[in-house]
Amino acid sequence: MRVLLDTSVLIGPAPESDDAESAAAEFAISAVSLAELHFGVLVAHDDAARAERLRRVAVIERTFDALPLDEVVAREYGRIAAAVAAAGRQPRARMADLLIAATARVHDAVLWTRNPDDFAELDDLVEVVTPTG
C-alpha cells in the first residue's frame, strides 16, 4: 500500500502506525508539499523558526523522492477541481490541497492528512485517512 503524506502530516509530529498494513506501507510525498514547505521557510517570522523549518525540509528532502506534478496529475486535478466546484465549493482557494489529492489518485495512494475537511467532497475519488499521533 502506498501512502501519500499531506503537508499537514509533514509539519506535525510523526504519525503512529497502529496496524500492520500501515507499518508495511510505502510512504511518499508530493512535489506540491515541498513547494508549500519551502514557502513556509521563506515566510517564517523569525530566524529560529526559519532555521527549524529549513532543517525539517532538509530531512524531508533526504527521506523522500517527491512524486512529480506532471501532465497526468494536472489532468486529474482538473477532474477533482470540477467535483469540488460541482459540490458548491471553491477549488481555486484549495489548489495545493487538490493537487496533492490528484497526486494521490494518480499514484493509487491513500492520502494521510490532519485536515480531512479539506478533502471532504472527494470521498469517491481519493481515500483519505487521518493518522493517529
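The values are calculated or read from the model by the stated rules, or taken from the named source; none is laboratory data. Remember, it's a predicted structure, so these values are computed and weren't measured experimentally. Positions of Cβ are backbone-derived with ideal geometry, glycine not excepted, and every protein chain shown enters the neighbour counts.
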Response to the item:
By residue number, the members of the range 114-133 that are farther than 18 Å from F27 by Cα and acidic (D, E) are D117, D118, E121, D123, D124
Practice prompt. Would you mind stating whether P116 is surrounded by fewer than 21 Cβ atoms within 10 Å (Cβ to Cβ), without any contact (Cβ under 8 Å) to a residue 60 or more places away in the chain and touching a strand residue (DSSP E or B) at 6+ places or on another chain (Cβ under 8 Å)?
Written response: yes
Worksheet item: List pairs: first in the range 91-109 and without any contact (Cβ under 8 Å) to a residue 12 or more places away in the chain and farther than 15 Å from E26 by Cβ, second surrounded by fewer than 24 Cβ atoms within 10 Å (Cβ to Cβ) and among the β-branched types (V, I, T), Cβ under 7 Å, 6+ apart or cross-chain?
Response: P91/V84
Practice prompt. Give just the number: which of (1) closer than 23 Å to P131 by Cβ; (2) touching a helix residue (DSSP H, G or I) at 6+ places or on another chain (Cβ under 8 Å); (3) buried (at least 17 other Cβ atoms within 10 Å of the Cβ); (4) in contact (Cβ under 8 Å) with a residue 24 or more places away in the chain does R53 not satisfy?
Written response: (4)
Worksheet, complete the sentence: Expected output for the range 8-22 (first residue modelled with pLDDT of 60 or more, partner among the aromatic types (F, W, Y), Cβ below 8 Å, 6+ apart or cross-chain) is V9/W112; P15/W112
Item to complete: Could you grab me the full set of residues in the range 78-105 that are closer than 18 Å to V3 by Cα, of a type outside the set (K, R) and surrounded by 20 or more Cβ atoms within 10 Å (Cβ to Cβ)?
Response: D97, L98, L99, I100, A101, A102, T103, A104
Response to the item:
From the option list A93, A44, A31, A35, single residue qualifying as in contact with a Lys or Arg (Cβ under 6 Å, 6 or more places away or on another chain) and hydrophobic (A, V, I, L, M, F, W, C) is A44
Practice prompt. Take E26 and decide whether it is more than 15 Å from R2 (Cα to Cα) and either acidic (D, E) or in contact with a Lys or Arg (Cβ under 9 Å, 6 or more places away or on another chain) (or both).
Written response: no
